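Below is one structure, written out as structure tokens; the observations come after it.
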């Protein structure tokens, strides 16, 4: 795979090694200091590069955080594009988008690695200060719900359990159910979380 | 801590080391061969003891499996006693029993270790061939439901997500909700899984 960021520019002194060093520094900072406690400047210092180079390669701190998750897709664009719409039918749109990504064998290993990282010691800061505000809350807004921060925590409590049963422990029933069957069972649950009393 | 099993008997050549060796052998066998592929005889062979000694210390293969989970309580007795009853109200009884155990700080670390083990490589066999038939299905029967094996997989998909959000990643909302609030949100979901169409 080639880096689309560097193609045809060549102005910066960066190299694949520089990019990797920034990512490694970002992962270490996010893990140790959380999302809120991490600055682009500090990551640049750890990697021994100019902060402008971090911005050049990765954009904003949100973008750097998503890059540090090392996912083959950016969940903000891939999911948000598919789920944007009115709150009616939001649960079904979210489930179909999520299962589409997770059922893709080229993407699944990276997603599993991300889930495992969330569950490791220190993963709680990664979830609360990174994954929730950077990925889940914007997704809730795309789904058209009020109070997305609260509602997306309820949604996550069902989605993470479903993903763990289907893709991590391979529970027979959850593996055997196709997307339509999963939507029939889980979309009403998610709609309840997305629109019910809080 | 003293071993209650050995108190006052002293007939067997067992020692705390023997007991630990049997448990270590059992964990390795269950992890490598799954629950169905593990026999008391094979565990005894690995530990270098007579199979009768394994039965003496741990009872049946189900009992040995639960012992190998190293929980401070036996989930079969503690949970089943509290949840047994008619299918009406089953979701609430299950949630109150589960949260009571998980909110107990003396028990929680061992439960967290068990959840982490389920999510590690090899944890899928532990779940499918051990935890599901030995712990979850009997719990479903105690809850008075039909098709407990299928329904308890749906229940697990919500309960595991809730436990991960509240006790592993410490999602703010799920940590702040008290038991009554959690019951109000999640008991209807569990009741839907326990009694809805399959």
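Considering each residue of region A:36-63, count those that are in contact (Cβ under 8 Å) with a residue 40 or more places away in the chain and surrounded by 14 or more Cβ atoms within 10 Å (Cβ to Cβ), and give that number. The total comes to 4.
A count restricted to region A:45-101 and to residues that are out of contact with any helix residue (DSSP H, G or I) (no Cβ under 9 Å at 6 or more places or on another chain) and not in a helix (DSSP H, G or I) stands at 1.
Looking across B:121, B:138, one residue alone is surrounded by fewer than 21 Cβ atoms within 10 Å (Cβ to Cβ) and in contact (Cβ under 8 Å) with a residue 60 or more places away in the chain. It is B:138. Within region B:19-37, the set of residues being at pLDDT 90 or above and either closer than 27 Å to residue B:106 by Cβ or assigned to a loop (DSSP other than H, G, I, E, B) (or both) comprises B:19, B:20, B:21, B:22, B:23, B:24, B:26.
Reported count of residues in region B:102-112, each being within 14 Å of chain A (Cβ to nearest Cβ) and out of contact with any helix residue (DSSP H, G or I) (no Cβ under 7 Å at 6 or more places or on another chain), is 1. Where helices (runs of 4 or more DSSP H) sit wholly within region B:113-198, those with at least 3 residues that are at the interface with chain A (Cβ under 10 Å from one of its Cβ atoms) occupy B:148-163, B:172-176, B:179-195.
The values are calculated or read from the model by the stated rules, or taken from the named source; none is laboratory data. Small disclaimer: the values here were computed from a predicted structure and weren't measured. Note that we place each Cβ from the backbone using ideal geometry, even for glycine, and neighbour counts take in every protein chain shown.
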